[in-house]
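Structure record follows, encoded as structure tokens.
The values are calculated or read from the model by the stated rules, or taken from the named source; none is laboratory data. As the structure is a prediction and not an experimental result, all values here were calculated from the model. Cβ placement follows ideal geometry from the backbone for every residue including glycine, while neighbour counts extend to all protein chains displayed.
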Amino acid sequence: MKDPHLRHTRAYRILRPLVHAYLKLTLNFTPGKVPELQAPYLVLANHVTDFDPFMIACSFPQQMYFLASEHVYRMGFLSKIIGWLLAPISRVKGTSDATAVLQMMRTLRKGHNVCFFPEGSRTFSGETIAIHPTTAKMVQKAGVTLVTCRIRGGYLTSPRWAKTLRRGKCRSEFVAVYTPEELKAMTTEQVAERISRDLYVNAFEDQKAAPVAYHKGRRTEGLEEALHTCPVCKETGTLRGTKDHFRCSCGLDVKLDSTGFFHKGAEDSPELPFDTVLAWDRWQTEYLKSLLPGSPDAPFFADDEFRLDSIDGDHSMTHCETGLLALYPDRLTLGSRTFPLADLQELAIIHRKKRESLLFSCSGTHYELSSESPASRSKYHTLFQLLKAQQ
């Protein structure tokens, strides 16, 4: 029986220059140069676009296996092609998924390279998300060389919330190499600090230092997914993006320019205290925190027309119920179903079919919450994290 790794290596070698050409043409992407490395090694990078695995692959001639969200295996025939050619390691979001970690370790021990994005999710705000606390332990346990990389310009090229791509400048850059001996000599906290430092990017600080214009119309469409609370009236769900303007029903009107900064959008609009998505997002997170602990009889948020599906072991989905989604201080409800927050380890969020979906596990079953409505899913994700931090 032929070793599938040979097939994966050939596919990687053939596809890599084609992917590079596509990314250069569409996104003006430039891959960073990395030093010659001896396999096996582990590559970590920040996560800003759906193209990140391809961007990182452009810098590494040697074949790598990538950690991918389980939903990659729910795309029908395309999933079969991806699995046959590249065999990404599947991780079920909304769980700790120790199986994915074990598979990464086995892959490294076979002498193959692995890459993953320890934030676990793309940033909504343009700032690198805190890495998962178990990442440093896993890196030390792997006993292989660690390579860290950054992707810059990715957030403004493809904002997570956006309906369209923007063409400006985007690049990957090599940051550091750590030998197994160096990693072993560090404490877990030191490894975590090095990874966090190496992967950190603030898209707006980069823009202030060296402004780049990202050209595309409809700049704010979809922004209500990320920015869900108005700083003027404090209402949630009243903001909408249209072309370059982001407006609230209270009269707030801001305009987003090609470099990613906000400006007053109309003469009679109230003043906006923020000039970036990041600053607004930090404010609304603090505002949500001020709502805690809340009342067990009143939901923080409630949105209708949400669909609940269970995710089966073969990646198929079974419809459970459609109804009102509500988040309370102690529970998440969907229609007639109640899920105690104490039983939920995580409420993850993924970008699928041009919309965000929420993933979680309860009593051994994996679930997905989705909707065609414009209601923000990120507010549930953020508030869930704040509630769990208080437990």
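Scan THR318, THR242 and give me the residue that is without any contact (Cβ under 8 Å) to a residue 60 or more places away in the chain, exposed (fewer than 15 other Cβ atoms within 10 Å of the Cβ) and closer than 22 Å to SER158 by Cα.
So the residue among THR318, THR242 that is without any contact (Cβ under 8 Å) to a residue 60 or more places away in the chain, exposed (fewer than 15 other Cβ atoms within 10 Å of the Cβ) and closer than 22 Å to SER158 by Cα is THR242.
Where in the stretch 334-391 are the strands (runs of 3 or more DSSP E), entirely inside, with at least 1 residues that are hydrophobic (A, V, I, L, M, F, W, C) and out of contact with any Cys (no Cβ under 7 Å at 6 or more places or on another chain)?
Because the criterion is at least 1 residues that are hydrophobic (A, V, I, L, M, F, W, C) and out of contact with any Cys (no Cβ under 7 Å at 6 or more places or on another chain), the strands (runs of 3 or more DSSP E) in the stretch 334-391 that meet it are 348-352, 355-362, 365-370.
Can you tell which of LEU146, LEU227, LEU165 is of a type in the set (A, V, I, L, M) and not assigned by TED's automatic domain parsing to the domain that holds PHE116?
Result of the check over LEU146, LEU227, LEU165: LEU227.
Assess whether LEU292 counts as being in contact (Cβ under 8 Å) with a residue 60 or more places away in the chain, touching a Gly at 6+ places or on another chain (Cβ under 7 Å) and not in a strand (DSSP E or B).
no
Filter the stretch 167-180 for residues that are in contact (Cβ under 8 Å) with a residue 60 or more places away in the chain and in contact with a helix residue (DSSP H, G or I) (Cβ under 9 Å, 6 or more places away or on another chain) and give the result.
Of everything in the stretch 167-180, those that are in contact (Cβ under 8 Å) with a residue 60 or more places away in the chain and in contact with a helix residue (DSSP H, G or I) (Cβ under 9 Å, 6 or more places away or on another chain) turn out to be ARG167, GLY168, LYS169, CYS170, ARG171, SER172, GLU173, PHE174.
Just name the residue that is surrounded by the most Cβ atoms within 10 Å (Cβ to Cβ) out of those in the stretch 286-298 that are under 19 Å from GLU346 (Cα atoms) and not basic (Lys, Arg).
By that ranking, first place goes to LEU288.
Checking VAL277 against (1) more than 21 Å from the chain's Cα centre (by Cα); (2) crowded, with 19+ Cβ neighbours inside 10 Å, which single condition isn't satisfied?
Only one criterion is unmet by VAL277, namely (1).
Which one of the conditions (1) more than 30 Å from THR30 (Cα to Cα); (2) in contact with a helix residue (DSSP H, G or I) (Cβ under 9 Å, 6 or more places away or on another chain); (3) of a type in the set (Asp, Glu) does GLU225 fail to meet, given that it meets all the rest?
Evaluating GLU225 over (1) more than 30 Å from THR30 (Cα to Cα); (2) in contact with a helix residue (DSSP H, G or I) (Cβ under 9 Å, 6 or more places away or on another chain); (3) of a type in the set (Asp, Glu) leaves (1) as the failure.
Residues GLY217, GLY154, GLY237: which one is crowded, with 16+ Cβ neighbours inside 10 Å and modelled with pLDDT under 95?
GLY237
Which residues, taken from the stretch 270-290, are more than 18 Å from ALA226 (Cβ to Cβ) and at pLDDT 95 or above?
Passing the criteria: only SER290.
Checking the condition surrounded by 16 or more Cβ atoms within 10 Å (Cβ to Cβ), touching a residue at least 24 places away in the same chain (Cβ under 8 Å) and either among the β-branched types (Val, Ile, Thr) or over 30 Å from PHE246 (Cα atoms) (or both), which residue from ASP303, ASP330, ASP309 passes?
ASP309
PHE174: under 21 Å from the mean Cα position of the chain (by Cα), farther than 30 Å from LEU223 by Cβ and not aliphatic (A, V, I, L, M), yes or no?
Answer is yes for this residue.
Pick out the one residue from THR164, THR123 that is among the polar types (S, T, N, Q), at pLDDT 95 or above and assigned to a loop (DSSP other than H, G, I, E, B).
The unique qualifying residue is THR123.
LEU387: buried (at least 19 other Cβ atoms within 10 Å of the Cβ) and closer than 19 Å to GLY222 by Cα, yes or no?
Against the criterion (buried (at least 19 other Cβ atoms within 10 Å of the Cβ) and closer than 19 Å to GLY222 by Cα), LEU387 does not qualify.
Could you please let me know if ALA45 is modelled with pLDDT of 95 or more and crowded, with 18+ Cβ neighbours inside 10 Å?
Yes: the conditions hold for ALA45.
When the stretch 189-222 is examined, which residues are found to be within 25 Å of SER258 (Cβ to Cβ), touching a residue at least 60 places away in the same chain (Cβ under 8 Å) and of a type in the set (Val, Ile, Thr)?
Residue satisfying the conditions is VAL201 alone.
Pairs needed: first member in the stretch 75-99, on the phi > 0 side of the Ramachandran plot; second member anywhere, surrounded by 17 or more Cβ atoms within 10 Å (Cβ to Cβ) and modelled with pLDDT under 75; C-beta distance under 6 Å; at least 6 residues apart or different chains.
ASP97/ARG91
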